[in-house]
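The values are calculated or read from the model by the stated rules, or taken from the named source; none is laboratory data. Bear in mind that the values here come from a model prediction, so they are computed numbers and not experimental data. We place every Cβ from the backbone using ideal geometry, glycine too, and count neighbours over all the protein chains shown.
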Amino acid sequence: MQGFIQKLSRENPPWSAERIRDTLRLLGFDPHCEDTIRKYMVKPRNPRNSFSTWLPFLRNHLDVSWPIDFLTVTTIGFSTLYVSLVFAHGRRKAIHFAVTSTPSMAWVIQQLREAMPLGLQPRYLLRDNDGIYGAGVKAFLERCGIEEVRIAYRSPWQSPYVERFIGTLRRDLLNHVIILNQEHLQRLLREYINEYYHIARPHQGLAGETPIAQAKPSPIAGPAQIISIPVAGGFHHRYERIAA
């Protein structure tokens, strides 16, 4: 019984001792009193905030929430380029990206328009508190019927999926190349995202699948060979199995 109480407590952090007791009764057990159950419950690692509603919110709305974020890239001439990313939580997919040297609120709104063609849009859009968004972005989202969700100041962990993608983008690509100009960066990002990240890079959060799920290849009768296809100037490769 003690182990099962711990399991219920671990899997359902907001449950009280009374809720666990009632659940045990529904399952046909004769449970201990609330004080005994409370003694066996898993103790939170952070007593100040025993249950954060933020991570469960993200998990429960993966398929209807998108985050938007920026990253900066320095060129060979020491100018700064800004990359806007619109991400889809559910499949860890980069819905839209764009590069500019002069970001503005109007430019951000235009990127959101391009990210949501033909009525494809999320229910929630997560963003940080960067001043570039201004009141115009909020008004645009309201007209689209999208609820704006701001993360807390200096809390990038509250938007973990797009932050992880940005880290992956730097480790896989940007830390290994010298960017010449805006066009060069756009081409590298397009090749990496569309021809590698989306279709060839396995993702741990998707049980080894890719953001754009690929159909399983049909069995090949007879001998077969693996071909290597260079991506992003040959820095990465994707592989296909074909008949020999």
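Kindly check whether there is at least one residue in segment 141-159 that is part of a loop (DSSP other than H, G, I, E, B), surrounded by 13 or more Cβ atoms within 10 Å (Cβ to Cβ), over 21 Å from the mean Cα position of the chain (by Cα) and at negative phi. Can you show your working first?
Within segment 141-159, the subset part of a loop (DSSP other than H, G, I, E, B) is 145-146, 151-155, 159.
Add one more test, that the residue is surrounded by 13 or more Cβ atoms within 10 Å (Cβ to Cβ), and what stays is 146, 151, 159.
Remaining after also requiring over 21 Å from the mean Cα position of the chain (by Cα): none.
Within segment 141-159 (the criterion being part of a loop (DSSP other than H, G, I, E, B), surrounded by 13 or more Cβ atoms within 10 Å (Cβ to Cβ), over 21 Å from the mean Cα position of the chain (by Cα) and at negative phi), the answer is no, since none of the residues qualifies.
Checking residue 158 against (1) farther than 20 Å from residue 107 by Cα; (2) in contact with a Cys (Cβ under 7 Å, 6 or more places away or on another chain), only one condition comes out false. Which one?
All conditions are met except number (2).
Could you grab me the full set of residues in segment 55-91 that are modelled with pLDDT under 95 and in contact with a helix residue (DSSP H, G or I) (Cβ under 6 Å, 6 or more places away or on another chain)?
Correct list: 89, 90.
When you look at residue 135, is it touching a Gly at 6+ places or on another chain (Cβ under 8 Å) and either more than 24 Å from residue 186 (Cα to Cα) or loosely packed, with under 15 Cβ neighbours inside 10 Å (or both), yes or no? Spell out the reasoning first.
Values: touching a Gly at 6+ places or on another chain (Cβ under 8 Å): no; either more than 24 Å from residue 186 (Cα to Cα) or loosely packed, with under 15 Cβ neighbours inside 10 Å (or both): yes.
So residue 135 fails the test.
Could you check how many residues of segment 110-137 are in contact with a His (Cβ under 8 Å, 6 or more places away or on another chain) and in a loop (DSSP other than H, G, I, E, B)?
1
Residues to consider are 35, 69; find the one that is acidic (Asp, Glu) and outside the structural domain of residue 113 (by TED's automatic domain parsing). Working first, answer last.
On the way: 69 fails: outside the structural domain of residue 113 (by TED's automatic domain parsing).
From the options 35, 69, the qualifying one is 35.
I'd like to verify a number: residues in segment 57-92 that are in contact (Cβ under 8 Å) with a residue 24 or more places away in the chain and not in a loop (DSSP other than H, G, I, E, B), how many?
Count: 21.
In the set 225, 214, which member is part of a loop (DSSP other than H, G, I, E, B), outside the structural domain of residue 66 (by TED's automatic domain parsing) and without any contact (Cβ under 8 Å) to a residue 24 or more places away in the chain? Explain how you work it out, then say what you get.
Values: 225 fails: part of a loop (DSSP other than H, G, I, E, B).
Residue meeting the stated conditions: 214.
Only one residue in 176, 184, 237 is over 27 Å from residue 107 (Cα atoms), assigned by TED's automatic domain parsing to the domain that holds residue 67 and more than 22 Å from the chain's Cα centre (by Cα). Which one?
Details: 184 fails: over 27 Å from residue 107 (Cα atoms); 237 fails: assigned by TED's automatic domain parsing to the domain that holds residue 67.
None of the others qualify; the one that does is 176.
Would you call residue 103 at pLDDT 95 or above, farther than 26 Å from residue 178 by Cβ and outside any helix (DSSP H, G or I)?
Values: at pLDDT 95 or above: yes; farther than 26 Å from residue 178 by Cβ: no; outside any helix (DSSP H, G or I): yes.
So residue 103 fails the test.
Failed condition for residue 195, given (1) acidic (Asp, Glu); (2) in contact (Cβ under 8 Å) with a residue 40 or more places away in the chain; (3) surrounded by fewer than 16 Cβ atoms within 10 Å (Cβ to Cβ), with all others met?
Only one criterion in (1) acidic (Asp, Glu); (2) in contact (Cβ under 8 Å) with a residue 40 or more places away in the chain; (3) surrounded by fewer than 16 Cβ atoms within 10 Å (Cβ to Cβ) is unmet by residue 195, namely (3).
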